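Chemist: Encoded as structure tokens, here's the structure I'll be asking about.
What follows is calculated from the coordinates using simple rules that are stated; it is not laboratory data. Note that this is a predicted model, so its numbers are computed, not measured. Glycine gets a Cβ as well: all are built from the backbone with ideal geometry, and neighbour counts include every protein chain shown.
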Amino acid sequence: MPIPKAKKLEMLRSLLLARRFEEALTELCQIEGKIPGMMILCTGQEAVGAGVCAALQPQDAIISNHRSHSHLLAKGADPKALMAEIFGKRTGCNKGKSGTLHLAVPEVNAPCTTTVVGGGPPIAVGRAFAQQYRQEKAVTVCFIGDGATNEGSFHEALNLASLWALPVIFVCENNLYAGAQRFEEHTRAPNIADRAAGYAMPGVVVDGNDALAVYTSASEARARAVAGEGPTLIEYKTYRWRGHGESDLQLYQPKEEIAAWQATCPIPKLRAEMLAQGLIGAEALQAMESDIAAIVQEAIRFAEESPYPEPHEALEDVFA
Amino acid sequence: MSKLTMVQALNLALRQEMAKDDRVIVLGEDVGRDGGVFRVTEGLIDEFGEERVLDTPLAEAGIVGMSIGMAVNGLRPVCEIQFSGFTYQAFHQIESHAARMRWRTQGRLPVPMVLRAPYGGGVRALEHHSESREVYYAHTPGLKMVIPSGPRNARALLVSAIRDPDPVIFYEPKAVYRAYREEVPEEEETLPLGRSQVAREGGDITLIAYGAMVRPALEAAQRLEEENGVQAEVIDLLTLAPLDDSLFTASARKTGRVLVVHEAPRSFGPGAEIVTRLVEQSFYHLEAPIRRVTGYDIVIPLFAREKSYLPHTQRILKAAREVLETVA
């Protein structure tokens, strides 16, 4: 199936927005006290969020993890509300309660982002059960990293989803590191996707830096899911350019390795292809880039000018 | 009205709520064809089908995590964990997700789910099968912790828990499951969560208990009347969190003498919070130091001789008499 032009444009835009959004965060983190708390970025991995979310419909849901910015932006979350939340402001999507780690945007069907590694898969399975129960043509995507696949609840969730043929897509972004531990140091199997065989579901390995390949594989998994054929585990091979968090000195990541992966950056790849195929002109591309720069700039201005929550607001919404 | 055991009363609550609301889903290990370890879910699968009564694999974190996912997507799951000691396998889902989602999302993502689990001693089961560790959940902001004491209030509280917009941990005293029968009306009955009840009125001493400890507390009160001519008031908490302290503080102000009874281990147990509130709110009315009759700070020991561990009528009586004899 050829990928429609509009989808390619959507993916390019998602890639550029996520990258610009996080580059700005990297810069802001250098300014002492600007952003309280912690910062976890997905720079270099944006093709997974962009490609997967382009393959989804608005009624589809995503359950995300601590490295969530590209997922949420690609699903349509408001950059202003995300930025303000990351700043800890009361205009943030969670009124300053979650920061970057638990961003929740129910309006775009991104109800749960969890930093508890491996916590998301069972929740995604339950959410998908409700979709199946109501006979909706919809899926739930669960984003996890390679580290999460060693958590017990990941395995419980795969078994449950397979058992009842639930419409879930388990999306594993294998960025080669779980904390400071290299993939080979925490997993003997050459591919995480191999684990799918143990749950009688398809497991596929895809280049996670190729947005179009991501889109195609996610579209296939979605088609299977809504047809009642059950879940899929997709492993996207990619790489984390930054450390686990911004305070990570990355002493365990060889500089040559980072450079080699940066050479496979998903953005120039898609951009060059679209320019070559005439799917976007140089001028239109420039307009898209400046539009995105303005959106991010506006998000930062909004976040900076917004008030912090009042201490008493922390006491609200414990119970109905 | 018919006379039901607590097991039958809970089954009635589930059956009626499932009939009334097709969002209610029951899931857990052997809750379907087998009807649950203690038969609380017996017959539900025949009436409501496999789509609504799910026999899950052995996967506590998966069961609770799925329930959360169902709850945030419009369903009303009631999951069963076979014994409360196995909820620890799902602790991260309960604590990190069920309890926090409403708060994190300013109420946009409530988690209307019920986790049912039998707790406590009384059937001489080993370790995890007999524990009373309800404080883990009572201590966790965002969770409601409900523990009925008899068939009728168990039914009414479970109905309320299913309809409640927040996650409810519902511990069922297995010692009471089939211990006695009570009139339970066929027509709908609810009890508000977060409210305690006066189980017996009296003006001389206050006994505070919940769950399986309410019966021995009532028996002790009866004997105090018969043998000492003393009127004990018994407060049944029914919900541990959020804790209703209005009745027991009022009672303490009236009697000046208080005894707290729980099966849970003593240190940092429910009694610690109850006594603190009494000290904060009724200190000047107290005529004797408050006493606690509790489990010990150990793993459930000597299953064959569990009566030596569990608080029982005799221990409650002895402690109550000591409180009564103290002259301020």
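Chemist: Sort the stretch B:186-328 into rounded, prolate or oblate with this rule: let a ≥ b ≥ c be the square roots of the eigenvalues of the Cα gyration tensor; rounded if a/c is under 1.5, and if a/c is not under 1.5, prolate when a/b is larger than b/c, oblate otherwise.
Modeler: Details: a/c = 1.27, a/b = 1.05, b/c = 1.21.
Here the stretch B:186-328 falls in the rounded category.
Chemist: Per-residue mean of other chain beta-carbon atoms within 10 angstrom of the beta-carbon, peptide A:107-120?
Modeler: Mean partner-chain Cβ count within 10 Å for A:107-120: 3.
Chemist: Next question, about the same structure. With +1 on each Lys and Arg Cβ and -1 on each Asp and Glu Cβ, and nothing else charged, work out how big the dipole of the protein assembly as shown is about its Cα centre, in Debye to the nearest 20.
Modeler: Magnitude of the dipole: close to 140 debye.
Chemist: Oh, and also: Can you give the % of DSSP beta bridges in the stretch B:197-322 that are antiparallel, to the nearest 5?
Modeler: Looking only at bridges with both residues in the stretch B:197-322, the antiparallel portion is about 20 percent.
Chemist: Short version: ³J(HN,Hα) in whole Hz for each residue of the stretch B:278-288, in order, from phi by Karplus 6.51 cos²θ - 1.76 cosθ + 1.60 (θ = phi - 60°), x for Gly and Pro, what are they?
Modeler: 5, 5, 5, 10, 10, 3, 6, 9, 6, 10, 7
Chemist: For chain A, modelled as a GNM with alpha-carbon contacts under 10 angstrom, which of A:Gly198, A:Gly92, A:Gly208 fluctuates the most?
Modeler: Between A:Gly198, A:Gly92, A:Gly208, it is A:Gly198 that shows the largest mean-square fluctuation.
Chemist: With just the Cα atoms defining each centre, how far is the stretch A:114-178 from the stretch B:50-95? Give it in Å.
Modeler: A separation of 15 Å, based on Cα centres.
Chemist: Please order B:Tyr309, A:Tyr308 by the number of other Cβ within 10 Å, starting at the fewest.
Modeler: Numbers: B:Tyr309 17, A:Tyr308 13.
Going from least to most buried by this count: A:Tyr308, B:Tyr309.
Chemist: With an 8 Å Cα cut-off and a minimum separation of 6 or more residues, compute the relative contact order for chain A in percent.
Modeler: Working: 614 pairs, mean separation 73.8, N = 320.
Once divided by the residue count of chain A, the mean separation gives 23 percent.
Chemist: What ranking of A:Met38, B:Met70 emerges when the number of other C-beta atoms within 10 Å of each C-beta is taken as an exposure proxy, fewest first?
Modeler: The fewest-first ordering by Cβ neighbours comes to A:Met38, B:Met70.
Chemist: Please give the FRET efficiency for A:Tyr252 paired with B:Arg39, using the beta carbon to beta carbon distance and R0 = 41 Å, rounded to the nearest 0.05.
Modeler: 0.15
Chemist: Another question about this same structure. Evaluate the distance, in nm, between pseudo-label points positioned 7 Å from the Cα of A:Arg301 and of B:Glu51 along their respective Cα→Cβ axes.
Modeler: 5.3
Chemist: Same structure, new question: Classify the stretch A:79-205: rounded, prolate or oblate, from the alpha-carbon gyration tensor (a ≥ b ≥ c, eigenvalue square roots; a/c under 1.5 rounded; otherwise prolate if a/b is larger than b/c)?
Modeler: It comes out oblate by the Cα gyration axes.
Chemist: Hey, what angle do you get for helix B:246-255 against the long axis of chain B, alpha-carbon based, 0 to 90 degrees rounded to 10?
Modeler: 20
Chemist: State the extension gain, in nm to one decimal, for the chain segment bounded by B:Ala179 and B:Val279, taking 0.36 nm per residue of separation less the distance between their alpha-carbons.
Modeler: Between B:Ala179 and B:Val279, full extension yields an extra 32.5 nm.
Chemist: Continuing with the same structure: From the phi of every residue in the stretch B:6-18, what ³J(HN,Hα) in whole Hz does the Karplus formula 6.51 cos²θ - 1.76 cosθ + 1.60 yield, where θ is phi - 60° and glycine or proline is x?
Modeler: 5, 4, 5, 5, 5, 4, 4, 4, 5, 5, 5, 5, 5
Chemist: Treat the count of other C-beta atoms within 10 Å as a stand-in for reagent exposure and order B:Arg321, B:Arg155, A:Arg20 from fewest to most.
Modeler: With the fewest neighbours first, B:Arg321, B:Arg155, A:Arg20 line up as B:Arg321, A:Arg20, B:Arg155.
Chemist: A further question on this structure: Relative to the longest principal Cα axis of chain B, at what angle does helix B:60-71 sit, 0 to 90 degrees, rounded to 10?
Modeler: 70
Chemist: Suppose every Lys and Arg Cβ carries +1 and every Asp and Glu Cβ carries -1, with no other charges. What dipole size does the stretch B:2-184 come out with about its Cα centre, to the nearest 20 debye?
Modeler: Numbers: 22 positive and 23 negative charges, 122 e Å.
Roughly 580 debye for the stretch B:2-184.
Chemist: With θ taken as phi - 60° and the coefficients 6.51, -1.76 and 1.60, list the Karplus ³J(HN,Hα) couplings across the stretch B:290-303 in order, rounded to whole Hz; mark glycine and proline as x.
Modeler: Once rounded to whole Hz, the list reads 6, 10, 10, 10, 9, x, 9, 7, 9, 5, 3, x, 6, 4.
Chemist: Per-residue Cβ counts within 10 Å, from other chains only, averaged over A:160-172: what number is that? Kindly include the intermediate steps, with their values, before the conclusion.
Modeler: Numbers: counts 9, 2, 0, 5, 5, 0, 2, 0, 1, 0, 0, 0, 0.
Mean shielding count: 2.
Chemist: Cα centroid distance between the stretch A:6-64 and the stretch A:264-320, in Å?
Modeler: 8
Chemist: Would you calculate the separation in nanometres between label points at B:Thr326 and A:Glu185, each defined as 7 Å from the Cα along the Cα-to-beta-carbon direction?
Modeler: Reported label-point gap for B:Thr326 and A:Glu185 is 5.8 nm.
Chemist: Given only helices, namely DSSP H runs of n ≥ 4 each adding -39500 (n - 2.57), what is the per-residue ellipticity at 222 nm of chain B, to the nearest 500 deg cm²/dmol?
Modeler: That calculation yields -9000 deg cm²/dmol at 222 nm.
Chemist: Turning to a different aspect of this structure: Taking 8 Å as the Cα distance limit and 6 or more residues as the minimum spacing, I'd like the relative contact order of chain B as a percentage.
Modeler: Working: 743 pairs, mean separation 51.7, N = 328.
For chain B, the relative contact order is 16 percent.
Chemist: Which residues does a label at A:Leu285 reach in the stretch A:236-274, if reach means a backbone N under 14 Å from a point 7 Å past the Cα toward the Cβ?
Modeler: Under cut-off, by backbone N: A:266-274.
Chemist: While we're looking at this one, here's another question. Looking only at other chains, what is the average number of their beta-carbon atoms within 10 angstrom of each beta-carbon in B:89-97?
Modeler: Rounded to a whole number, the mean comes out at 4.
Chemist: Just need log10 I(q)/I(0) for the stretch B:2-184 at q = 0.10, 0.15 Å⁻¹, Debye formula, equal scatterers on the alpha-carbon atoms, no solvent, rounded to two decimals.
Modeler: -0.34, -0.79
Chemist: Grab the Cα-Cα distance for A:Arg90 and A:Glu316, subtract it from 0.36 nm times how many residues apart they are, and report the gain in nm with one decimal.
Modeler: 80.1 nm
Chemist: Separate question: Calculate how steeply helix B:313-325 sits against the longest principal axis of the alpha-carbon atoms of chain B, using the helix alpha-carbon long axis, and give the answer as 0 to 90 degrees to the nearest 10.
Modeler: Between helix and principal axis, roughly 40 degrees.
Chemist: Then there's this: Once you charge only the Cβ atoms, +1 for Lys and Arg and -1 for Asp and Glu, what is the size of the charge dipole of the stretch B:160-205 about its Cα centre, to the nearest 20 debye?
Modeler: 300
Chemist: Determine the distance separating the Cα centre of the stretch A:67-103 from the Cα centre of the stretch B:292-315; give it in Å without decimals.
Modeler: Taking the Cα centre of each part, the stretch A:67-103 and the stretch B:292-315 sit 50 Å apart.
Chemist: If Lys and Arg each add +1 and Asp and Glu each add -1, what is the summed charge of the other residues whose beta carbon sits under 11 Å from the beta carbon of B:Val24?
Modeler: Working: positive: B:Arg15, B:Lys20, B:Arg23, B:Arg52, B:Arg76, B:Arg163; negative: B:Glu17, B:Asp21, B:Asp22.
Every neighbour counted, the sum reads +3.
Chemist: Also: Enumerate the amide H contacts of A:Ile63 below 5 Å, restricted to partners 5 or more residues apart or on another chain; note that Pro and chain-start residues carry no placed amide H.
Modeler: HN-HN under 5 Å from A:Ile63: A:Val141, A:Cys142, A:Phe143.
Chemist: Same structure again: After finding the eigenvalues of the alpha carbon gyration tensor for chain B, what semi-axes result from the square roots of 5 times each, listed largest first in whole Å?
Modeler: Semi-axes, largest first: 34, 20, 19 Å.
Chemist: For a test of the definition: using alpha carbon positions, the gyration tensor, and the 1.5 limit on a/c, classify the protein assembly as shown as rounded, prolate or oblate.
Modeler: In terms of gyration-tensor shape, prolate.
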